[in-house]
Amino acid sequence: MKRMVLGIAVVLFAVSAVVAAGGGDIVYKVRHVGDVTFSHDNHITDRGYKCDDCHPAIFPMEKRKDDKKRKMSEMRSKKACGVCHNGKNAFDVGSNCYICHKK
């Protein structure tokens, strides 16, 4: 019984650590063209990136009051999502809008 309780505690701790580190989904509200949901799972778990590949150099770790909305022109200039979504590392932000923007 003691082993079972210890095993369950270890599993729960591991799951909570993954959830905390994973970051979950972030929804960016975008009028007229559809919202964008960024999935940490898709980028970290499925693609093999690490948190420090993007944080804090490209994106801050926490939302700040001075955060501004990103424009597509900035992304095409290789900022924000466009750092990786450049047509070489991942699909280009300038094409297939529906991949990110969902109505």
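None of the figures in this text is laboratory data; all of them are computed from the coordinates on show. Everything quoted here is computed from the prediction, not taken from an experiment. Here Cβ is always computed from backbone atoms with ideal geometry, including for glycine, and neighbour counts include all displayed protein chains.
For the listed peptides 52-63, 81-92, a ranking on the average number of other beta carbons within 10 Å per residue, highest first, reads 81-92, 52-63. Projected onto its three principal axes, the C-alpha set of the range 48-103 covers 29, 26, 23 Å, listed from the longest axis down.
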